[in-house]
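Here's the structure we're looking at; comments come further down.
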Amino acid sequence: MAVSLASVVKQTRLTRRARQLQWTLINFEGVKLFNNEKYEIAQYDTHLRNYGKSFKITISLAFLNSGQNVIFASALTAAMFLAAQGVVQGTMIVGDLVMVNQLTLQLTLLLNFLGTIYRETRQNLLDMETLVTLVNNNTPLIRPLPNLSH
């Protein structure tokens, strides 16, 4: 789940960077006219650096997810082994074995879902902070060039 979420986020960021490059190439005349080559190159370099950081984050999330899966598989194996021993000894019935299995699976799914909700909430709060900053920023989007007559 965490890996698929991370890959969606990575794909979204990659698409955003590709769109920025495409916009720059399509509007190269405007970039040349306003002498913005250095600015656009700096913007694209920033996007590439951010992509490298997001790639590192994706790899670390993959390792984290693998570690969680190993812990979960070990816990499930131990719980099923103990429940199977209980069935063999006659202290548990087969339904108890199934219950232990399903309870462990449901607990893991809920914890995974809780982690996803936490990450999404943090990201949305950061996005809201950026939105508030943009709304409070009163600079015009287009600056008039000096020494131009109408």
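Structural remarks
- Treating r as the C-beta distance of Thr12 and Ala84 and R0 as 41 Å, the FRET efficiency rounds to 0.35.
- Each label point was placed 7 Å from the Cα along the Cα-to-Cβ direction; for Thr91 and Glu29 their separation is 8.3 nm.
- Using θ = phi - 60° and Karplus 6.51 cos²θ - 1.76 cosθ + 1.60, couplings along the stretch 69-80 (whole Hz; Gly, Pro as x): 5, 5, 4, 5, 4, 5, 5, 5, 4, 5, 5, 5
- Contour excess over end-to-end distance, with Cα ends at Phe63 and Thr77 and 0.36 nm allotted per residue: 2.9 nm
- Projected label distance in nm at Ser54 and Leu114, using a 7 Å step from Cα toward the beta-carbon: 2.9 nm
- Diffusion coefficient, µm² s⁻¹, Stokes-Einstein with Kirkwood Rh over alpha-carbon pairs of the stretch 35-87 at 37 °C and 0.692 mPa s: 223 µm²/s
Throughout, read-outs are computed from the coordinates displayed, never taken from laboratory work. In this text the structure is predicted, and so the values were computed from the model without any measurement. Cβ atoms come from the backbone with ideal geometry, glycine included; neighbour counts cover every protein chain shown.
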